[in-house]
1. From the list B:Val62, B:Val86, pick out the single residue that is within 30 Å of A:Gln96 (Cβ to Cβ) and among the β-branched types (Val, Ile, Thr).
2. Among the listed residues A:Lys25, A:Lys52, identify the single one that is under 23 Å from B:Gly18 (Cβ atoms) and either basic (Lys, Arg) or within 14 Å of another protein chain (Cβ to nearest Cβ) (or both).
3. Filter segment B:69-87 down to residues that are assigned to a loop (DSSP other than H, G, I, E, B) and acidic (Asp, Glu) and give me whichever is modelled with the highest pLDDT.
4. Does A:Val47 count as under 27 Å from B:Val42 (Cα atoms) and either at pLDDT 95 or above or over 12 Å from the mean Cα position of the chain (by Cα) (or both)?
5. Given the structure, is B:Tyr31 within 15 Å of the chain's Cα centre (by Cα), within 13 Å of another protein chain (Cβ to nearest Cβ) and part of a loop (DSSP other than H, G, I, E, B)?
6. Any idea which residue in segment B:74-130 is nearest to A:Tyr21 (Cα to Cα), counting only those that are away from chain A (no Cβ under 14 Å) and among the small types (Gly, Ala, Ser)?
7. All but one of (1) under 29 Å from B:Leu10 (Cβ atoms); (2) more than 14 Å from chain B (Cβ to nearest Cβ); (3) in contact (Cβ under 8 Å) with a residue 24 or more places away in the chain hold for A:Val5, so report the exception by its number.
8. Scan segment B:88-147 for residues that are loosely packed, with under 14 Cβ neighbours inside 10 Å, at pLDDT below 95 and not in a helix (DSSP H, G or I) and report the count.
There are 2 protein chains.
Amino acid sequence: MIDGVLLTPLSVIHHPKGDIYHAIKSSSPGYQGFGEAYFSTVTKGMVKGWKKHNRLDLNLIVPIGKIEFALHDDREFSSSYRNDLVVTLSIEDNYQRLTIPPGIWVAFRGLSEMNILLNILPEEHDPEETISIALEEIPHLYHILVS
Amino acid sequence: MIDGVLLTPLSVIHHPKGDIYHAIKSSSPGYQGFGEAYFSTVTKGMVKGWKKHNRLDLNLIVPIGKIEFALHDDREFSSSYRNDLVVTLSIEDNYQRLTIPPGIWVAFRGLSEMNILLNILPEEHDPEETISIALEEIPHLYHILVS
């Protein structure tokens, strides 16, 4: 595991006309305030990443499809420096919210025909606050994500 | 139109690995603070409603599928008292955020095979704050929703 990363189980409330899926409340573990919510889709077999936020915590929820996430701790001060986490989220098999503190490299791959994540950020999007590198730059996880 | 109801166009950012869909920012029109985010799915042809919030503003976004919303103004003080709004939201045809103030009856119908909405509320869910009635209780809109 990576220090500060949280996986928080979420409720699904069954309803005959269509289920309700919890996402996040202001009292939830990992909630750091609200700045922006956006959706990111990822085509089956495609991998988005690596991206690292320097300042912001992410809260990721997958309401449709199945997405595999790979995380790599790049914080030299961290007790889990250079540790990894690979986790797959979906409503059907593992409906959890993934909270990621700043300083962690993140990539993700679409596994179903249609895949979407909701990201809740404590500030509005700021391109100055993120860094991107090519997938091949973290080779041991790249091999997992394209396997 | 109904006084206080907002339809705010949202951006779709095209990406070769999967598009990004904006949802809401803390500076967005209609944002009233953050208490909870949840998803509601609605099966094709099914109608959920009527529900009215007595205190909370809703912000509804449809990232997957196509959902028809019907709104009926039940606020006696409103300049649009007893007015209606019927609007269909989807990424493909009409990607907008629907902001609904308290005191409006809301129902919605699923039009695609898979339909999901994100609701952003300024407080955590409180069942005491909502009222539900049967669809038939607002007959002229019920007929539209089941047509």
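1. Of the residues listed, the single one that is within 30 Å of A:Gln96 (Cβ to Cβ) and among the β-branched types (Val, Ile, Thr) is B:Val62.
2. A:Lys52
3. It comes out as B:Glu76.
4. Details: under 27 Å from B:Val42 (Cα atoms): no; either at pLDDT 95 or above or over 12 Å from the mean Cα position of the chain (by Cα) (or both): yes.
Taking the combined requirement at face value, the residue does not satisfy it.
5. It is true that B:Tyr31 is within 15 Å of the chain's Cα centre (by Cα), within 13 Å of another protein chain (Cβ to nearest Cβ) and part of a loop (DSSP other than H, G, I, E, B).
6. Looking at the filtered set, the residue picked out is B:Gly103.
7. Of (1) under 29 Å from B:Leu10 (Cβ atoms); (2) more than 14 Å from chain B (Cβ to nearest Cβ); (3) in contact (Cβ under 8 Å) with a residue 24 or more places away in the chain, only one is false for A:Val5: (1).
8. 2
The values are calculated or read from the model by the stated rules, or taken from the named source; none is laboratory data. Predicted model, so just to flag it, every value in this text is computed and none were measured. Note that each Cβ is placed from the backbone with ideal geometry, even for glycine, and that neighbours are counted across all protein chains shown.
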